[in-house]
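Note sheet for the following structure.
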Amino acid sequence: MSQHVSAATSVARLPHPSTEPGLVVLGDLPQGWTAQIDRVAVLLGPRRGDGPRPELRLSVSRDAAGLDAATQALIGRLVTERPDRLVAGCDIWPHVRFGEGRYVQTAHVEGPETLAHDVYLFTHEGLRIQVEVDCRLVDLLHIEEQVASIVGRLAVETGAGA
Amino acid sequence: MSAVTGRATADPNATTETTAEGIAGVTGGPAADPQVLTLVERSAAGVVRTRVAVTAGAVLVEGPDGPRTEPADALPLVLGRFAGLRPSPILDGDETLVDRAVLEARLNDPATPAPADAPEWLRRAWAAPWRRWTVETDAADLRLLDHIDAAEAGQLVVRPHDATRVAIQTRPEGLVWGELQTVPALLAAARGEIDPDASEW
């Protein structure tokens, strides 16, 4: 399913939609962005040139380990998935609602292209909130502010039965 | 093809360099108007130079490990590996002024003591292994980037301050990574005018 996202539209939710927390983007998506809403939501950014559209995958899950453990597990997974991947950094990313998070930036070569795979990670009230960004590395700086705007306006939407 | 750069172990200035002709030799012929970068790493172990030719179709790299070819859009990735980017704890501290001579001495000799008035963050960084890395363009004879990879202490940026001192500060890897992603645009502009905020210490 694909649709434009308007103010405070759900973009990701745990498996039981009516009772579990989900994520919403407060306000409108930046120009050129559209959403595909499913259990793991996908937002698609504007296309540059003949390249693919940048893709954001948003997910929320239960978490008991905390931010540091989740970050270490994430970096371990990223390296295991692709040993040739450059994990360029893991910076602090403060979020107005989720508190201190992490922004992990990576890049790797796939065929004739260099791809970026970045992850924003937060833990908040027993939830793990994750935003994965996939795009061509040459496109990353062009969407950086838009992605930050989306991530910064994420909020937890409490389930009706929660 | 000329000899590939080797690691100097005795005299820090005694390096061998590949040439633009050597890089062209990687592809068996002159590249189409390539822009050539020199990546220089300096540490107590010596100086290592790697040459990188950027063409419309590929990035050609000649370094200590031999020649290799990367996709045309891989220049930031090549530079990121050269810079030693990796997740590191971020030291918390303000920009600090250090005598140029003291910083040079520390770079060449890890036993050089930190300045007596160095803040805690700088003392921790001072104790880590250092590797200064620079990215320079041949065409414009400019130093685009100048940092210190301080291993577990992360990346440090050094800026000129006055005739005798430099300002040194921690720099999150993410910001360095962002800088590296702008290098292709800088090269594209190099044919005209570059005004990078970079210079010798």
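In segment A:64-75, the qualifying residues are those that are open to solvent by 30 Å² or more (accessible area, probe 1.4 Å) and assigned to a loop (DSSP other than H, G, I, E, B), and the one that is modelled with the highest pLDDT is A:ALA65.
Scan segment B:56-82 for residues that are more than 9 Å from chain A (Cβ to nearest Cβ) and either open to solvent by less than 30 Å² (accessible area, probe 1.4 Å) or in a strand (DSSP E or B) (or both) and report the count.
Here the count works out to 13.
Residues in segment B:31-54 that are crowded, with 18+ Cβ neighbours inside 10 Å and farther than 21 Å from B:ASP149 by Cβ: B:ALA31, B:PRO34, B:GLN35, B:VAL36, B:ALA53, B:VAL54.
Among the residues of segment B:160-180, those identified as open to solvent by 20 Å² or more (accessible area, probe 1.4 Å) and in contact (Cβ under 8 Å) with a residue 40 or more places away in the chain are B:PRO160, B:HIS161, B:THR164, B:ARG165, B:GLN169, B:THR170, B:PRO172. Residues that are within 14 Å of chain B (Cβ to nearest Cβ) and open to solvent by 20 Å² or more (accessible area, probe 1.4 Å) within segment A:44-63 comprise A:ARG48, A:GLY49, A:ASP50, A:PRO52, listed in sequence order. Summed over segment B:92-106, the residues that are more than 12 Å from every other protein chain (Cβ to nearest Cβ) and not in a helix (DSSP H, G or I) give a count of 7. When segment B:18-55 is filtered for residues that are part of a loop (DSSP other than H, G, I, E, B) and at pLDDT 65 or above, the ones remaining, listed by number, are B:ALA44, B:ALA45, B:THR55.
Whether a residue is modelled with pLDDT of 95 or more, surrounded by fewer than 22 Cβ atoms within 10 Å (Cβ to Cβ) and not aliphatic (A, V, I, L, M) was assessed, and A:ARG153 does not pass this test. B:SER88 fulfils the conditions (1) under 24 Å from A:ARG136 (Cβ atoms); (2) polar (S, T, N, Q); (3) open to solvent by less than 40 Å² (accessible area, probe 1.4 Å) except for a single criterion, (1).
With the condition kept exactly as written, say whether any residue in segment A:80-87 is surrounded by fewer than 19 Cβ atoms within 10 Å (Cβ to Cβ), within 14 Å of chain B (Cβ to nearest Cβ) and in a helix (DSSP H, G or I). The answer is no, given that none of the residues of segment A:80-87 is surrounded by fewer than 19 Cβ atoms within 10 Å (Cβ to Cβ), within 14 Å of chain B (Cβ to nearest Cβ) and in a helix (DSSP H, G or I). The number of residues in segment A:28-43 being open to solvent by less than 80 Å² (accessible area, probe 1.4 Å) and not aliphatic (A, V, I, L, M) comes to 5. None of B:GLN169, B:GLN155 is within 14 Å of chain A (Cβ to nearest Cβ), at pLDDT 90 or above and in contact with a Leu (Cβ under 9 Å, 6 or more places away or on another chain) except B:GLN155. Considering segment B:110-146, and only residues there that are in a loop (DSSP other than H, G, I, E, B) and within 20 Å of B:ALA188 (Cα to Cα), the residue that is modelled with the highest pLDDT turns out to be B:ASP138. When the strands (runs of 3 or more DSSP E) confined to segment A:92-162 are screened for residues that are within 12 Å of another protein chain (Cβ to nearest Cβ) and without any contact (Cβ under 8 Å) to a residue 40 or more places away in the chain, those reaching at least 3 such residues are found at A:99-110, A:113-124.
The values are calculated or read from the model by the stated rules, or taken from the named source; none is laboratory data. These numbers were taken from a predicted model, which means no experiment stands behind them. Positions of Cβ are backbone-derived with ideal geometry, glycine not excepted, and every protein chain shown enters the neighbour counts. Ligands, DNA and RNA are stripped out before the accessible areas are found, and what is left, the full protein with its side chains, is counted by its heavy atoms. Shrake-Rupley method; radii C 1.70, N 1.55, O 1.52, S 1.80 Å.
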